[in-house]
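In what follows, a structure is listed as C-alpha cells, so that the remarks can point back to it.
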Amino acid sequence: MPHHTPLIATIVGGLVLAFIFGTLAHRLKMPPLIGYLLAGIAIGPFTPGFVGDADLAQELAEIGVILLMFGVGLHFSLKDLLSVKTIAIPGAVVQITIATLLGMGLGWALGWPMGEGFLFGLALSVASTVVLLTALQERRLVETKRGRIAVGWLIVEDIAMVLALVLIPALSGVLGGKGEAMTGSALMVTLGITLGKVVAFVAVMLIVGRRVIPWILERIADTGSRELFRLAVLAIALGFALGSAYVFGVSFALGAFFAGMILSESELSHRAAEESLPLRDAFAVLFFVSVGMLFDPSVLVREPLLVLATVFIIVVGKSLAAYFIVRLFGHPMSTALTISASLAQIGEFSFILATLGLSLDLLSPVARDLILGGAILSILINPLLFSMLDRLKPVIEKREGNEAPVEAIQQPVEMNDHVVLVGYGRVGRAIGSQLRAQGTPFVVIEAQLESVEALRAEGITALYGNAAQAGVLTAAGIERARWMLVAIPDAFEAGQMVERARAANAQLRVAARAHSDAEVEHLEKHGANEVIMGEREIARGMLGLVAAA
C-alpha cells in the first residue's frame, strides 16, 4: 500500500497547517479563520514547498458546506423561512442587481465586453455560505430575527445562482462567449424547466422528505447504536444533498439545508446536530484552506488598484446596498448592519461562476484573478467588520432606544443572593423547575431568543445573550449573586463564563457540567468550585444502590 496519496496529503497538510496558523492567529487576537486561509496559500500552487491537490481540496470543502447548511437547517423551520420572505426575496434580488451593475461598471471602465462585465458583477454579488454562517454562529445569531433574515437572504441567493448556472451556458453566444445564441422560445423552455425542477424539489422535500427523514432516524435511534445514528445523520445530510443536485439540479447546500430543516421538526434534531458537529467543523476548516489554495498572491502586485476596486464593490458597495434595503423595510439599524456585514464577502458560488466563465470564454484570466483576490481579501476583512460591529453594539442600542429589537433589550436584574442559571436546555430546565419549587430566586441567561420569550411569558426572569460576553453577567447581577450554575454542554465556552464571573464576584459559588476528566480540569482551572461529570454521578448512583441493598 502506498504511503503517500494526494487525498491523504491534502487533508493532513491542510488540517495541520490550519491548526498551526489558526493557533498563531488566535494568539495574535485575530480570528482563526485568517490562519486557515494562510494555510491554504502556503500549500497552494503559487507558493514554494508542498503543493496540495486543489481539486480534491475543493471537493472536500463542499462536504463542509453541506454539513454546515444541514446544521443550520436543524435549527431552522419552514415557519422561520416564510417569516422573512417579504424582505429576503426582494432584498436579495435588488442587492444582486446592484452588485452586478457595479461589477459591470468596473468592467466598462476597463473596456471589457458587456458579457464579461455581467458575469464578473454576478460573481461579486453572492455571499459565501460558510463565511456568513460561521460569523452568525460564533455570535449565536442564527436563531435571532437578524439571523433568520440573513439565512433567508442566502437561500434566495442560492436559488438565483442555480438559475444563473443553467442559463449562462444557454446565453453564452449572446454574451460574447462560446456557443450559439438560443432563440427566445428555447430560452423560455430552459428557464421553465429549471424553475419547474426547483418547485418539484421543494414539493418533494416538504411532502415526501417530511415523512421519510424523521422516520429513518427514529428507526435507527430505536436500535440504541450511537454509531449507526451518527452514520444515519451523515447519510441523510450528504445523500439528500447529492440526490437533490443530480435529480433536481439544485445546489448541494440547498438540498442539505432542506433536509436539516425538515428534520428540525423531529425530537431527535438536537441529537443529530451534536453528532454532525465535529465533522462539520473539520470540513468547514478545509473550505477556507481550499479558498486559500486558489489565490495567487502576485495579483496584488500586478493589479493592486483593480483588486482594491473589486474589494470596494464587495465590502462597501454591496454592504451599503443591503443596509439601505433593510432600513427601507423598516428594520432597526442593528439588523441592517448585521445583514450588511454578513454579505460583505464572496465565496463558493463566485468560484463556480468564474470557472464556468473561463470555460465559455466569457471571462479573462485577469477577471478570474480579481474574483479570487476579492474573495480572499473580503473573507479576511469580514471578521474585522463583525468585531467593529460588536464594539459599536452599545452605541447602536442606545441610539435605537425603543426601536431596538427584542434581543438587544436587557433590563438589569434587581436581585440579591440569587442564582444565575446559564442555559435552559434539558439540564437547565430540570434545574429551573427545582429552583422554582424551592422558591429560590434565580435568573436565566439563554442564547435562544424564543426560549427567553417563553420563559418571560411564564414569569421567569430571563436574559438573552451569551454569558461569556461583557455586560450579560453584569445585567444578571452576578456581583450580588450567591451561585452560578452553568448548564451548557460546551465546557470550553463555560470556562470563559466561569472566569468572567469569578473576576466580578470572588465570593460566588460556581458549579458547571463536564463530559470528561479533561473538561473537569479545564473548568476547575478557570474557577469552578464544583464540576459535575455525568458518568461519575451515574457510577456513584449505582454504587449507592449496591451499598444500600
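Key figures
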quantity: Residue-by-residue Karplus 3J(HN,Hα) for segment 87-102, coefficients 6.51, -1.76, 1.60, Hz, glycine and proline x; calculated: 10, 5, 5, x, x, 5, 5, 5, 5, 4, 4, 5, 5, 5, 5, 5
quantity: Listed candidates [x] 0.99; [y] 1.03; [z] 0.97 - label of the one calculated as Rg/Rh (Cα atoms, Kirkwood Rh); calculated: [x]
quantity: Under the Karplus curve 6.51 cos²θ - 1.76 cosθ + 1.60, θ = phi - 60°, whole-Hz ³J(HN,Hα) for segment 168-173, x wherever Gly or Pro sits; calculated: 4, x, 5, 9, 4, x
quantity: Kirkwood Rh and Cα Rg combined as Rg/Rh, segment 450-549; calculated: 1.06
quantity: Per-pair calculated FRET efficiency, R0 = 25 Å: VAL247 and LEU78 via Cβ, rounded to 0.05; calculated: 0.75
quantity: Charge sum, other residues only, whose C-beta stays under 13 Å from THR129's C-beta, Lys/Arg counted +1 and Asp/Glu -1; calculated: -3
quantity: Between helix 252-263 and the chain: long-axis angle, C-alpha atoms, 0 to 90°, nearest 10; calculated: 30 degrees
quantity: Residue-averaged [θ]222 nm for the chain, counting only DSSP H segments that reach four residues, each worth -39500 (n - 2.57); calculated: -22500 deg cm²/dmol
quantity: Computed FRET value (nearest 0.05) for SER298 with ALA548, which takes r as the C-beta separation and R₀ as 60 Å; calculated: 0.20
quantity: Proximal charge balance of LEU523 [Cβ under 14 Å; K/R count +1, D/E count -1]; calculated: -2
quantity: Point-charge dipole on Cβ atoms (K/R +1, D/E -1) for segment 253-335, about Cα centre, debye to 20; calculated: 380 debye
quantity: Where labels lie 7 Å past Cα in the beta-carbon direction, separation of ASP281 and HIS515 in nm; calculated: 1.0 nm
quantity: Per-peptide average of other Cβ atoms within 10 Å, ordering 60-66, 456-462, 536-542, 160-166 highest first; calculated: 60-66, 160-166, 456-462, 536-542
quantity: Furthest towards positive pole of dipole, GLY373, GLN58, PHE258, structure part the chain, Cβ charges; calculated: PHE258
quantity: Inter-centroid distance (Cα atoms) of segment 215-254 relative to segment 362-397, Å; calculated: 33 Å
quantity: Long-range lysine pairs (8 or more apart or interchain), the chain, Cα under 25 Å; calculated: 11
quantity: Difference of contour (0.36 nm per residue) and Cα-Cα distance, THR86 to LEU163; calculated: 25.7 nm
quantity: Förster-model FRET efficiency, 41 Å R0, LEU228 and ALA504, C-beta, rounded to 0.05; calculated: 0.35
quantity: Net lengthening on full extension, LEU392/ARG27 (0.36 nm per residue, minus Cα-Cα); calculated: 129.0 nm
quantity: Rounded to 10°, Cα long-axis angle of helix 491-504 versus longest principal axis of the chain; calculated: 60 degrees
quantity: Estimated vicinal HN-Hα couplings, Hz - segment 14-22 in sequence order (Karplus 6.51, -1.76, 1.60; Gly, Pro = x); calculated: x, 6, 5, 5, 4, 5, 5, 5, x
quantity: Segment 1-157: C-alpha gyration tensor shape, a/c 1.5 cut-off, then a/b vs b/c; calculated: oblate
quantity: Segment ARG211-VAL199, length gained on full extension (0.36 nm per residue, minus Cα span); calculated: 2.5 nm
quantity: Portion, in percent, of the accessible area of segment 192-235 that falls on carbon or sulfur, probe 1.4 Å; calculated: 69 percent
quantity: Rel. contact order, % - alpha carbon contacts under 8 angstrom, at least six apart, the chain; calculated: 17 percent
quantity: Inverse of mean 1/r across different Cα pairs in segment 234-323, Kirkwood, Å; calculated: 16.5 Å
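The values are calculated or read from the model by the stated rules, or taken from the named source; none is laboratory data. All figures in this text were calculated on a predicted structure; none of them were measured in a lab. Every residue, glycine among them, receives a Cβ derived from its backbone with ideal geometry; neighbour counts consider all protein chains shown. We work out accessible area using only protein heavy atoms, side chains counted, and drop any ligands, DNA or RNA first. Shrake-Rupley method; radii C 1.70, N 1.55, O 1.52, S 1.80 Å.
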